[in-house]
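Notes follow the structure.
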Amino acid sequence: MKLEKLPIEFTKALPVVAQIEAAGFEAYFVGGSVRDVLLGQPIHDVDIATSAFPAEIKQIFPRTIDVGIEHGTVLVLEGEESYEITTFRTESTYQDFRRPDHVEFVRSLEEDLKRRDFTINAFALKEDGEIIDLFGGLVDLKDKILRAVGNPHERFHEDALRMMRGLRFISYLGFQMEQETFDAICENHELLEKISVERIFIEFNKLLLGNYRIEAIKSFVETECYQYCPGLRDKGAELLNFADLPAKKIPSEAQAWALLADQLRLQTTDLRSFLKKWKASNELIAETRAIFQGLQWRKEHPWQPLEIYQLAEYAIKAEELMFYYDRKPDTETVQSMIAALPIHSLKELAINGHDLMETFKMKPGKWLKDVLEQCEKAVILRQIENSKSVLLDYAKSYLEENQ
Ligand code: ATP
Ligand code: MG
């Protein structure tokens, strides 16, 4: 099969391919971008595979960065763009999984394509638009089938992460897993125990955010892969409840984790340790906690001004999740509640700690935090106006009553 017209992302990269070929090597576009072009989907990263060894690539191009030279990947900088160029390779993993993966550079495209995970990820695209399809990927693409390249048992033994990748491609593409491939996951799921949580996290995150999340979660449970994921062991029933939520794609990572945590019946106080086990970033943890807290409040009652003040934009993200609880999200109301707040942070309060210490001739201490918090709360609840004289009067009576 030949593509009539290459998308712009590829045509822009053609000079790079041409330079490698002019030096006497082969170079092809490979990986997810070729699959996505064939599916008519937008492309993100353009990967190039070549018969040239990393040192040879570095001789051809003046500007390169060693991003993963031990795996054969060199980043080539061309004008504004950069391209990951990876030497054809085969990999063999020791069966005991204790020794590091062994990567061998080879000169054969076929050897390189053979070690790829699924037939629809194992295409190579030549500069003239010709698709090289050695494993029936074009038929699988047409039939919407996810099939491991070669013997699925061997492939999952070489790298067990491929099982999680398969599940996330179900979520992303809505394809059916071919039976033998699916059975091989069911049989080999315990190999996931050897895979680092960081690698599993990347795939599971993508699984949560796919258009076909429901099917993917069901397969995740059915294959028992979930047993090797932090905090999910023995949570099959809860995961199936999660799969029962309305099908719409979840807009963001933190919203997905908040929704999942809610189905797992976690408490706000459990969230940090749950996400830490997944080695999630502090940023994701903070965002998920805020959205999760908002979700708990919102399920109980209409939004309160103090909650809106505390959560700000996260309240909107929590409100969006009401869709999954069969309630119509009303983000406009949340937006206007945020806009209507008399202050949006302590900085906007008309007095600060200095004003209080000066006025009451007192040294810093716990009283300062208490008084500021009381003032903040009274202003947000519109009990008093946000002006310096009003706040100092209010502070005075608060101190008189509480000392
Ligand atoms: P995405 O569109 O999400 O980036 P992708 O298929 O491009 O999906 P990448 O992780 O970017 O996924 O990998 C690029 C290509 O490298 C894949 O298409 C596949 O051919 C190969 N690949 C990646 N990870 C593996 C793996 N664990 N085992 C075998 N092949 C893999
Ligand atoms: Mg990719």
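The values are calculated or read from the model by the stated rules, or taken from the named source; none is laboratory data. Just so you know, these numbers come straight off a predicted model, no measurement behind them. Reconstructed Cβ throughout: ideal geometry from the backbone, glycine too, with neighbour counts over all protein chains shown. For accessibility, only protein heavy atoms count, side chains too; no ligands or nucleic acids. Shrake-Rupley method; radii C 1.70, N 1.55, O 1.52, S 1.80 Å.
Placing Glu110, Glu307 in order of accessible area, with the largest value first and a 1.4 Å probe, yields Glu110, Glu307. Think of the stretch 128-200 as having a plus end and a minus end, set by charges on the Cβ of Lys, Arg, Asp and Glu; of Gly174, Gly137, Asn188, Gly174 sits farthest toward the positive end of this dipole.
Taking amide hydrogens as placed 1.01 Å from N in the peptide plane, the amide H of Asp47 sits under 5 Å from those of Val30, Ser33, each at least 5 positions away in sequence or on another chain. Remark: the stretch 347-402 carries a charge dipole of roughly 160 debye about the Cα centre, counting +1 on each Lys and Arg Cβ and -1 on each Asp and Glu Cβ.
The charge dipole of the stretch 168-221, taken about its Cα centre with unit charges on the Cβ atoms of Lys, Arg (+1), Asp and Glu (-1) only, comes to about 340 debye.
Once Rg and the Kirkwood radius are both taken over the C-alpha atoms of the stretch 218-309, their ratio Rg/Rh works out to 0.98. From the residues Gln263, Thr64, Ile200, which one has its Cα farthest along the dipole of the chain in the positive direction, the dipole being from +1 and -1 charges on Cβ of Lys/Arg and Asp/Glu about the Cα centre? Selected residue: Gln263. With the charge dipole of the chain set up from +1 on Lys and Arg Cβ and -1 on Asp and Glu Cβ about the Cα centre, the Cα lying farthest toward the positive end among the listed residues Leu275, Leu38, Thr119 is that of Leu275. Here the stretch 223-238 and the stretch 326-403 have alpha carbon centers that stand 45 Å from each other. Per residue, the convex hull around the alpha carbon atoms of the stretch 85-195 comes to 114 Å³. Karplus-based coupling profile of the stretch 367-375, in residue order and whole Hz: 3, 5, 4, 4, 5, 4, 5, 4, 4, with θ = phi - 60° in 6.51 cos²θ - 1.76 cosθ + 1.60 and x standing for Gly or Pro. The alpha-carbon of Lys369 sits under 21 angstrom from the alpha-carbons of these lysines, leaving out residues fewer than 8 places away in its chain: Lys347, Lys361, Lys377, Lys388, Lys396. Converting phi to 3J(HN,Hα) with the Karplus coefficients 6.51, -1.76 and 1.60 and the offset θ = phi - 60°, the stretch 389-403 yields 5, 4, 5, 5, 4, 4, 4, 4, 5, 4, 5, 5, 6, 10, 10 Hz in sequence order, with x at every glycine or proline. Per-residue Karplus couplings for the stretch 165-170, computed as 6.51 cos²θ - 1.76 cosθ + 1.60 with θ equal to phi - 60°, are listed in order as 4, x, 5, 6, 6, 4 Hz, Gly and Pro entered as x.
In this view, the solvent-accessible surface of Tyr309, computed with a 1.4 Å probe and all protein chains in place, comes to about 40 Å². Backbone amide hydrogens, once placed in the peptide plane, bring Arg89 within less than 5 Å of Val106, Asp112, excluding anything fewer than 5 places away on its chain. Its Cα centre serving as origin, the stretch 265-356 has a Cβ charge dipole (Lys and Arg +1, Asp and Glu -1) of approximately 540 debye. Averaging the sequence gap over all C-alpha pairs within less than 8 Å and six or more residues apart, then dividing by the number of residues, gives the chain a relative contact order of 8 percent. Amide H contacts under 5 Å for Met177: Leu146, restricted to partners 5 or more places along the chain or on a different chain, H placed in the peptide plane at 1.01 Å from N. Among the listed pairs Lys114/Lys279; Lys12/Lys58; Lys218/Lys249, those with a Cα-Cα distance over 23 Å are Lys114/Lys279.
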